[in-house]
Structure formats: C-alpha cells, structure tokens
Amino acid sequence: MKILNIHGYQGNAANSAYEALRECGFDIISLQIDYDRTSPEYVMQLMNSQFTNNFCNAVVGTSLGGFYAALISAKNECPCVLINPCLMPFLHLPRLGYMSDDGVMEYIRLFSGLADVDINHVSTIIGGQDELIDTHDFTRQIFQNERYIVVPDGKHSGATMPLKDIFKDHIDVFFDEGV
C-alpha cells in the first residue's frame, strides 16, 4: 500500500507519522512543504497531484496536514487518517505566527471542501492533552465514528502518541473498512 503523508505547519516530511508508517512497512510519499511561502491552494494542488501521480491508496495528515488529507480524501474518495487535525487553519495559524492575509482567505475558501468528506473514509487520532488545537470538539462533531481514537495523555506532536502501535492495531480498520 502506498500512502501520502502530509506534515503539519513548521513540521517536516520525516515526522512521527512518517516514521510509524515506515516501521509498519508502508511505501510512503512525504514532501517537505514551507507553508509560509506556499499558497494553500497550491499546496492542495501539489498534494493532490502527488496522491494521483504516485497511485497512492490512502493519505495520512498531521495537524495542518490533516486539513489537506481530509480534502484529498474527499476529492479522491480514499481513506485518510487525521492526527490532531487543524481543520480551521484560518483560526489557528495566525496564532502561530502565520502572516499571510491572502493565505488565510484561501484557507477559508478551502474549508468548505470539508463538507464533501465521507466520514466512512476517515480515521482520527486525537491527543487528549493537545496544547495547540483547541477545536477538537468540532473535529469530533464532524468526524466521530468507530475509528475516532483519543490518546488521553497525547499532546499535539505525534511523537507524544504511540502511533506505530495504533497503526499496527488498527491498520486494517483505518484503510480497509468503509472503502
């Protein structure tokens, strides 16, 4: 199985999700993105073309990458795993120093695409002690299903959660059911 991995804001391509997926034996495509210098709409086009051109089967996204992963899932009707997804980047990124007014407006335009996500394609992993994203109640409202996992002591970073164990224990459910 080939998986597109999308890192979060100010993160890197070899993030904890990438490492956990690699250790589980998956073929992973993971690009380094400078979200401050790349327009959100271009990131969406780039990630979608990477998904289709590399014949990926699923997408995993952490934080801001979870926003893009959800949109790619909707566009390609594929399974996605969202790790502490930042589903309202127009709200959270300015708090983290993101300064592009045009980018904020692009995120607002892209946000409507979440309405097209099929919940049957979504698995979500939330850190119960996430110190950056305070809107997981919204995430729960739109994506809660039997594949919505809360790691009670997990923080925002995927490195604070046992992602490899979660992937190993739930991989069939994450990527096979409902699709």
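The values are calculated or read from the model by the stated rules, or taken from the named source; none is laboratory data. The shown structure was predicted, so the numbers you read here are calculated from the model rather than taken from an experiment. Ideal geometry is used to build each Cβ from the backbone, glycine not excepted, and the neighbour counts take in all protein chains shown. Side chains included, ligands, DNA and RNA excluded: accessible areas come from the protein's heavy atoms. Shrake-Rupley method; radii C 1.70, N 1.55, O 1.52, S 1.80 Å.
A few comments on the model shown:
- Among the listed values [x] 0.98; [y] 1.21; [z] 0.92, the one matching Cα Rg over 2.2 N^0.38 Å as calculated from this structure is [z].
- Qualifying chymotrypsin sites (Phe, Trp or Tyr not before Pro) in the range 32-78, where qualification requires a DSSP coil assignment and no more than 13 other C-beta atoms within 10 Å, comprise Phe55.
- Among residues other than Ile133 with Cβ under 14 Å from its Cβ, the summed charge is -1 (Lys and Arg +1, Asp and Glu -1).
- Spin-label proximity, Ser39 to the range 97-136 - amide N less than 18 Å from point 7 Å beyond Cα toward beta carbon: 99-113
- The residues of the chain have, on average, 45 Å² of accessible surface per residue, using a 1.4 Å probe with all protein chains present.
- The range 126-179 and the range 94-125 have Cα centres lying 18 Å from one another.
- Share of carbon and sulfur in the accessible heavy-atom surface of the chain [1.4 Å probe, %]: 47 percent
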